[in-house]
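As structure tokens, the structure follows; a few thoughts come after it.
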Amino acid sequence: MTDNDSEFTVTPYTVSGEIDYEKLLEQFGAGRLTDEQIARFPEPVHPLVRRRVFYAERDVDRFLSAATAGERHSIVTGRGPSGAMHLGHIVPLYFAKRLQQQTNALVYIPFSDDEKYFVTDRSLEEIGEQTRENLRDLLAVGFDPDRTRIIVDTADADVIYPLAVAFGAEVTESTFKAAYGESQNIGHSFYPAVQAAHLLLPQLVTGRHPTLVPIGVDQDPHVRVCRDIAAKQRYDVDKPSALLSKFLPSLEGSGKMSSSSDSETAPTIHLSDDRETVFEKIHTHAYSGGQSTVDEHRARGGDPEADVSYQLLHSFFEEDDDRLDRIAREYRNGSLLSGELKGMAATAVASFLDAHQRRRRRLNSLETELRRYQLTEREREHARRRVGHSTFKAMI
Ligand code: TRP
């Protein structure tokens, strides 16, 4: 959606300008996440929620009621495999894993390789290669195989396509335009039906229940389109709930941590970066809220809110509130220097990546690993039947 007064655009396909997150809520019609809602999350509440990186929501209470009452509930969090994964991509997956451990949630993780082929200039081979690489990163997170399903749109077409067909008839051209802007080709125009299939899949497989979609606020149009489909009550499903996040800052300090602006001034931190690279990137490129000389910094102090290293600690990497408060205080009063703060962030990020990479290296072949996370034949059949589809295979 484009806002004319303040000149920013946020859709799943374009994010530009200085984003006014509050204004976005008005435009999208989502609610601010309240203190009461945050307090309903299971303890320890993840920093992304506690510190309001997830700052907005749709129907999150319904999901929380089911989760805290031990009733069936699910989480859908996906990946568009357009390139190598960076920190901003993996953080929501670790969040979903934590919730799964806390509440036993079913977790469905769709890969929209079709979408990324429609909207980027990469070849099918490249998208396929990225899909395999990204899948290894996903597997390294360590979801519970008994409660987690991984779906790749083109590889799981036997289930995704019949559902997308059912939902495709419910999205008009004008709905597409209002939610996403111009479509790039007819594949792109069809894709919202596919993402609706992702968001409703847990319910179509296991029966009606509350589903939570924790995503970047730019993806909210997909949630809205899907909720409109669900609201028609043709398929006996709940409207999915959503938890909407602000963007993790890029190293240069604003907007979205983007994988496409890599070669330019501010590189992003990739999941494959080693310790030395992480330190180098943060020390050289992370936007600092400090003063330009040490003397000036000691005298006037820095601004943690503007500082990317602080933001990294705040959103994900420093769970301890007391330690985080102390860091902010000492940075403000000038006793903590920018270089020291960068060192703290770099150490935390590097250790996190080190553990992630170790788990990734220990994985078996992709085929072997994925087998534990695939939908069973029965589950596929169940979902297809829920939209009124019976396969040719099932008839012979
Ligand atoms: N469209 C998302 C992206 O480009 C990826 C995605 C596909 C997704 N299906 C999803 C995200 C379902 C959350 C839930 O990043």
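In table form, for the structure just shown:
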quantity	calculated
Out of Ser189, Ser183, sole residue that is free of Cβ contacts under 8 Å to residues at least 12 places away in the same chain and more than 10 Å from the ligand (Cβ to nearest atom)	Ser183
Some residue of the range 113-125 being in a helix (DSSP H, G or I) and away from the ligand (no atom under 15 Å from the Cβ)	yes
Subset of the range 139-162 that is farther than 20 Å from Tyr117 by Cα and of a type in the set (A, V, I, L, M) - its residue that is surrounded by the fewest Cβ atoms within 10 Å (Cβ to Cβ)	Val141
The listed residue being among the β-branched types (Val, Ile, Thr), without any contact (Cβ under 8 Å) to a residue 40 or more places away in the chain and farther than 30 Å from Ser309 by Cβ, out of Thr376, Thr391, Thr347	Thr376
Filter result (within 26 Å of Arg149 (Cβ to Cβ) and either open to solvent by 60 Å² or more (accessible area, probe 1.4 Å) or among the small types (Gly, Ala, Ser) (or both)) within the range 322-367	Ala355, Arg358, Arg359, Arg361, Arg362, Asn364, Ser365, Glu367
Criterion violated by Tyr331 - all others in (1) more than 22 Å from Ala140 (Cβ to Cβ); (2) of a type in the set (Ser, Thr, Tyr); (3) not in a helix (DSSP H, G or I) satisfied	(3)
Helices (runs of 4 or more DSSP H) contained in the range 159-271 and holding at least 1 residues under 28 Å from Leu375 (Cα atoms) and either at pLDDT below 95 or aromatic (Phe, Trp, Tyr) (or both)	186-206
Breaking point among (1) open to solvent by 10 Å² or more (accessible area, probe 1.4 Å); (2) more than 15 Å from the ligand (Cβ to nearest atom); (3) in contact with a Lys or Arg (Cβ under 6 Å, 6 or more places away or on another chain); (4) farther than 30 Å from Leu271 by Cα, for Arg227	(2)
The lone exception for Phe167 - which of (1) touching a helix residue (DSSP H, G or I) at 6+ places or on another chain (Cβ under 9 Å); (2) surrounded by fewer than 17 Cβ atoms within 10 Å (Cβ to Cβ) it fails	(2)
Set Asp158, Asp153, Asp114, Asp121: member being in contact (Cβ under 8 Å) with a residue 24 or more places away in the chain, more than 17 Å from Cys226 (Cβ to Cβ) and of a type outside the set (A, V, I, L, M)	Asp158
Test: residue in the range 241-251 that is away from the ligand (no atom under 14 Å from the Cβ) and within 30 Å of Glu381 (Cα to Cα)	no
For Ser123: the one exception among (1) farther than 21 Å from Ile215 by Cα; (2) buried (at least 20 other Cβ atoms within 10 Å of the Cβ); (3) of a type in the set (Ser, Thr, Tyr)	(2)
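The values are calculated or read from the model by the stated rules, or taken from the named source; none is laboratory data. Not measured: the values here are computed from a predicted model. Quick reminder, even Gly has a Cβ in these numbers, built from the backbone with ideal geometry, and neighbours come from all protein chains shown. When the accessible area is computed, the model is the full protein with side chains, heavy atoms only, and any ligands, DNA or RNA have been set aside. Shrake-Rupley method; radii C 1.70, N 1.55, O 1.52, S 1.80 Å.
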